[in-house]
Amino acid sequence: MTIFSSQLFMSAIIFGTVILYGALGEILAEKSGNLNLGVPGIMYLGAIAGLAGAFFYEMSTPDPNGFLCLVISLVCAFGASCLGGLLYSFLTITLRVNQNVTGLTLTIFGGGIANFFGGALNTLAGGVGQISVASTSAVYRASLPFANDLGSFGKVIFGHGFLVYVALVLAVCMAWFLNRTRTGLNLRAVGENPATADAAGINVTRYKYVATCLGAGISGLGGLYYTMDYVKGTWASDGTIESLGWLAVALVIFATWKPINVIWGAYLFGYLRWLYNYIEGLGRSSQEIFKMIPYIVTIVVLILVSIRKKRENQPPASLGLSYFREER
């Protein structure tokens, strides 16, 4: 097999899209100054909520409507993920609990909840591995009708479900929002210096809450995409969602908090994530080394950014710090 295989690029785009959603949501949260390390748990919540919504709808009717399958799963996934972000926001913004501890706890909580209900859904479906929401998954995996007529290259570009292209549009819109709109600039001001933003009349608490909850909702779509597209509407408790969630957190650093950089960075991470499967003669130890490459690259980028100290490549100045208005 070759490292330029079309199948490898297809896998890179699929896994890259999962990471892309997670990273975009985390960028929005971090621009407000909130370091949410609960991204893997939030992606778990989005995955299981979307799957559960689609499962109960498909069980309730002999002829599921594709549009309703799509709407129900999207609303459930986005809503559950936003609730995870709301819980994180309440603890870190209102109660001022340590953000690192809260995020890690949310990751453990989300993974536990998702795997618990995933097992329950499997039981309802008749046993382990029996759950399937084929109608909903088909809607997510439907590609453009002319993709197969364009050869291998055309299939790599156009042979994906709609969420792949939504992620690209979302990244571009987020870059425009953060750099070209008043609300986006206010959000960045909150992340850089909340005391100054507060003195200028910006509602710091509101911006932090909204950015963190919406960011969590976006991250949750990554888990939904993985469940509906890659594993085709089933539930897998193999820990892949968690590992991709941590890659999303790493990608935020790799992309230096810029949504446009996240696009090519996500696909690069997806490519490196699957590269070892397409190189012949690799032993197990070599495969594990290849799995480490995205994290190693992130560490190298972090070191280089720290050495160069260019302000536009640095994280928000108040990232990870609770805001105490009384100390303003």
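Of all the residues that make up segment 149-173, how many are part of a helix (DSSP H, G or I) and either within 18 Å of the chain's Cα centre (by Cα) or in contact (Cβ under 8 Å) with a residue 60 or more places away in the chain (or both)? Residues flagged as part of a helix (DSSP H, G or I) and either within 18 Å of the chain's Cα centre (by Cα) or in contact (Cβ under 8 Å) with a residue 60 or more places away in the chain (or both) within segment 149-173 amount to 16.
Name every residue in segment 305-327 that is modelled with pLDDT of 75 or more and part of a helix (DSSP H, G or I), in order of residue number. Reasoning before the result, please.
In the first step, residues of segment 305-327 are kept if they are modelled with pLDDT of 75 or more; the result is 307, 314-324.
I307, the sole residue that qualifies.
Checked across segment 205-225, the condition of being among the charged types (D, E, K, R), modelled with pLDDT under 90 and part of a helix (DSSP H, G or I) holds for no residue. How many of the residues making up segment 114-136 are outside any loop (DSSP other than H, G, I, E, B), within 18 Å of G239 (Cβ to Cβ) and open to solvent by 70 Å² or more (accessible area, probe 1.4 Å)? Qualifying residue count for the region: 2. Name the single residue, out of those in segment 250-285 being aromatic (F, W, Y) and at pLDDT below 90, that is least open to solvent (accessible area, probe 1.4 Å). This residue is F269.
Scanning segment 174-225 for residues that are open to solvent by less than 10 Å² (accessible area, probe 1.4 Å) and either at positive phi or within 16 Å of the chain's Cα centre (by Cα) (or both) yields A211, T212, G215, A216, G217, S219, G220, G222, G223, L224, Y225.
Here G233 meets the list (1) open to solvent by less than 10 Å² (accessible area, probe 1.4 Å); (2) part of a helix (DSSP H, G or I) almost entirely, failing just condition (2).
Being under 26 Å from S89 (Cβ atoms) and without any contact (Cβ under 8 Å) to a residue 12 or more places away in the chain is the requirement here; does G112 meet it?
Details: under 26 Å from S89 (Cβ atoms): yes; without any contact (Cβ under 8 Å) to a residue 12 or more places away in the chain: yes.
So G112 fits the description; yes.
For G201, the conditions (1) assigned to a helix (DSSP H, G or I); (2) out of contact with any helix residue (DSSP H, G or I) (no Cβ under 9 Å at 6 or more places or on another chain); (3) small (G, A, S) are fulfilled apart from (1).
The values are calculated or read from the model by the stated rules, or taken from the named source; none is laboratory data. Computed from a predicted structure; not experimentally measured. Because the Cβ atoms are built from the backbone with ideal geometry, glycine has one as well, and the counts that use them run over all protein chains shown. Heads up: the accessible areas ignore ligands, DNA and RNA and are worked out on the full protein's heavy atoms, side chains in. Shrake-Rupley method; radii C 1.70, N 1.55, O 1.52, S 1.80 Å.
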